[in-house]
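Asks: One structure, pasted below without further comment.
The values are calculated or read from the model by the stated rules, or taken from the named source; none is laboratory data. None of the values given here were measured: they were computed from a predicted structure. In this analysis, Cβ positions are derived from the backbone assuming ideal geometry, glycine residues included, and neighbour counts consider all displayed protein chains. We work out accessible area using only protein heavy atoms, side chains counted, and drop any ligands, DNA or RNA first. Shrake-Rupley method; radii C 1.70, N 1.55, O 1.52, S 1.80 Å.
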Amino acid sequence: MEGGPPVSELRDRPAVLRITEVGEEILRRTCRPATEEDFGSERLARLIDDMFATMYVADGCGLAANQVDVDLRLFVYDCTDEDGVRHVGHVLNPVVEEQEPGRRLAEDAEGCLSVPGANTQLARPARAVVHGVDQYGEPVTIEGAGYFARCLQHETDHLNGGLYLDRLSARDRKRMMKQTADRREKVFAERAAKAAKLG
C-alpha cells in the first residue's frame, strides 16, 4: 500500500527487493502460513528488514511478502491512524477479525505498490483488528482506525491472493489499469533513484 515515510528513516542497509506487479501469479495465490521453521530464523529477520527497505523506497505504508515474490503470510507496515499516531511493525499469519453488520465505512484514496501509479476512492470498514504472531511466533493483536485500518485490511487481502482492484467495478478496474500503464515508468524511475541513495 502507498504512503510511507522517507528513506532516511531506514535502520541499516538491507536489500531493496523487486516488487511484483498485477498480473503475476504469486499475487493471486493464498500464501503459506509461517511455521516453527520460520520463527526466530535469521532468514525471516532478514526478509522483514528487506521488506521495510523495499516499502520505504517505494513510498509505501504496507507491504506483503508476496509483493516481493515470497510465498509467506507476512506483511510489514509503517502507517498513521486517524489520530496521527504512527504504527510500525510486522505480523505473520494475520487474520482480520469478523465485524458486525452495519459497521461504519470510511472512503479514502487507496493504491497499491503492485499496481504502480494508480489509486482511487474505496470504501472499507473504518476500524480493523488483526490477530497473528510476530517473527518469534508470539501472539500479537493489532487494532487500527482510519488509514491504518485500511492498511491492515489491504495487506491481509494480499496474503489471501486478493488485490484492492477486486473491490472495484469493472469500469474502475479498467481505469486503474490505464493509470498504471501510463504512470508505471515514472514510478519505477522514482523508486530506482531512491534505491540508489541507499548505495
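Asks: Being in contact with a helix residue (DSSP H, G or I) (Cβ under 6 Å, 6 or more places away or on another chain) and at pLDDT 95 or above: is that true of Arg29 here?
Replies: Values: in contact with a helix residue (DSSP H, G or I) (Cβ under 6 Å, 6 or more places away or on another chain): no; at pLDDT 95 or above: yes.
When the stated conditions are applied, Arg29 does not pass them.
Asks: Still on this model: Let me confirm something: among Val115, Val95, which residue is modelled with pLDDT of 95 or more and either loosely packed, with under 15 Cβ neighbours inside 10 Å or in contact with a strand residue (DSSP E or B) (Cβ under 7 Å, 6 or more places away or on another chain) (or both)? Let's see the steps before the verdict.
Replies: Numbers: Val115 fails: either loosely packed, with under 15 Cβ neighbours inside 10 Å or in contact with a strand residue (DSSP E or B) (Cβ under 7 Å, 6 or more places away or on another chain) (or both).
The unique qualifying residue is Val95.
Asks: Have a look at Ala145, Ala195 and point out the one that is in contact with a strand residue (DSSP E or B) (Cβ under 7 Å, 6 or more places away or on another chain) and surrounded by fewer than 19 Cβ atoms within 10 Å (Cβ to Cβ).
Replies: Details: Ala195 fails: in contact with a strand residue (DSSP E or B) (Cβ under 7 Å, 6 or more places away or on another chain).
Ala145 is the lone residue from the list that is in contact with a strand residue (DSSP E or B) (Cβ under 7 Å, 6 or more places away or on another chain) and surrounded by fewer than 19 Cβ atoms within 10 Å (Cβ to Cβ).
Asks: Here's another thing I want to ask about it. Are there any pairs with C-beta distances below 7 angstrom linking a residue in the stretch 184-199 that is over 15 Å from Leu17 (Cβ atoms) to a residue that is assigned to a helix (DSSP H, G or I) and at pLDDT below 95, with the two at least 6 apart or on different chains, and if so which?
Replies: Taking only residues 6 or more apart or on different chains, the pairs are Lys197/Val7.
Asks: Shifting gears a bit: Give the stretch 105-154 a look and list any residue that's assigned to a loop (DSSP other than H, G, I, E, B), in contact (Cβ under 8 Å) with a residue 24 or more places away in the chain and of a type outside the set (A, V, I, L, M, F, W, C), or say none.
Replies: Ser114, Asp134, Gln135, Tyr136, Gly137, Gly146
Asks: Also, quick follow-up: Hey, can you tell me all the residues within the stretch 143-172 that are more than 10 Å from the chain's Cα centre (by Cα) and hydroxyl-bearing (Ser, Thr, Tyr)?
Replies: The answer is Tyr147, Tyr164, Ser169.
Asks: Can you tell me which residue among Arg150, Arg124, Arg184 is open to solvent by 30 Å² or more (accessible area, probe 1.4 Å) and among the basic types (Lys, Arg)? Steps first, answer last, please.
Replies: Working: Arg150 fails: open to solvent by 30 Å² or more (accessible area, probe 1.4 Å); Arg124 fails: open to solvent by 30 Å² or more (accessible area, probe 1.4 Å).
Result: Arg184 is the single residue among Arg150, Arg124, Arg184 that is open to solvent by 30 Å² or more (accessible area, probe 1.4 Å) and among the basic types (Lys, Arg).
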